[in-house]
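The values are calculated or read from the model by the stated rules, or taken from the named source; none is laboratory data. Given the structure is predicted, the values throughout are model-derived calculations rather than measurements. Positions of Cβ are backbone-derived with ideal geometry, glycine not excepted, and every protein chain shown enters the neighbour counts. Surface accessibility is based on the protein's heavy atoms, side chains included, excluding ligands, DNA and RNA. Shrake-Rupley method; radii C 1.70, N 1.55, O 1.52, S 1.80 Å.
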Amino acid sequence: MSSRSIPDEGRPTRSGGPHPGVLAIVSLGIFLASLITSAILTGGQTFVSPFAPPGQVAAFFQQNVAATRVGGMLQFGSAVPLGIYAATVYARQLRLGVRVPGPAISFFGGISAAIFLMFSGSLTWLLSRPEITTDVMLTHALAFLAFISGGVGFVIGIGLLIAGMAVPALILRFMPWWLAWTGLVIAALSELSFLSMAVEPLQFLLPIGRFGGLLWLVAAGFLLPRNRAAANQEPGAHGPGASRINGTSQTHGPSRTTP
């Protein structure tokens with residue numbers, strides 16, 4: 001029995017699962033496609049803000065049925081690879097030996113962001129139904145709900161996903177230090193975006209978390225090591241003091257946990 005177990009110990013662990021960087025690109029690409037398609041179908045009109053007068057909001061959706069329907073559909077679709085990304089990164093962080101709440105926080109944030117985005121896409125699709133948009137007040141309420149879920153709810157989830165990845169990556173040098181710190185800044189701004197529900201000028205935080213967060217997930221998805229062996233082989237460990245941490249991880253082996 002021991003003769004069978006020895007060769008297995010020397011074999012590198014296969015990462016398994018889809019590549020997170022590719023998943024992030026797919027999610028970002030579908031989301032951008034929803035914005036571009038909506039802009040084309042509306043003739044370049046700016047998507048109506050729910051803070052506009054109720055009659056103006058209802059008129060926009062009544063006059064742009066195709067743009068609203070396609071945009072909602074693509075927004076819903078972009079949430080699927082994002083949810084898979086969260087699950088893949090969670091499994092990879094555990095494989096890397098991270099035994100602190102970071103992986104669970106990132107998983108919760110990613111799944112929450114995906115669900116909020118699906119919900120917002122579903123509401124946007126509903127706003128393409130003429131039998132609904134004839135009711136001005138109902139249309140206005142659905143527009144606000146789509147904005148809150150696809151804006152604040154989504155960005156808060158993205159911030160948690162990034163924070164749960166960036167903190168362990170910074171401590172264990174799993175990615176360049178500047179990328180980890182950038183992730184922490186984006187995560188902090190994303191979490192502060194909930195204040196925009198009461199302070200409208202702070203809504204500028206939403207595009208920072210939305211687009212900056214998705215771009216960060218693309219970069220992190222390609223740079224996050226597949227396993228501890230790959231992490232230990234990274235030259236210079238991307239930052240000051242990294243050689244000490246790498247030396248410690250090689251001493252303790254793949255099961256070393258985050259300090």
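Highest mean first, the peptides 167-173, 55-61 sorted by other C-beta atoms within 10 Å per residue fall in the order 167-173, 55-61.
Note on segment 144-202: Cα Rg divided by 2.2 N^0.38 Å, N the number of residues, gives 1.28. Eigenvalues of the alpha-carbon gyration tensor of segment 111-237, scaled by 5 and square-rooted, set the equivalent ellipsoid semi-axes at 36, 15, 9 angstrom, largest first. Ligands, DNA and RNA are left out, and with a 1.4 angstrom probe the accessible area of segment 72-136 is 40 Å² per residue. In sequence order, segment 136-151 has phi-based couplings of 4, 6, 5, 4, 5, 5, 5, 5, 5, 5, 5, 5, 5, 6, x, x Hz under the Karplus curve 6.51 cos²θ - 1.76 cosθ + 1.60, θ = phi - 60°, and Gly or Pro positions carry x.
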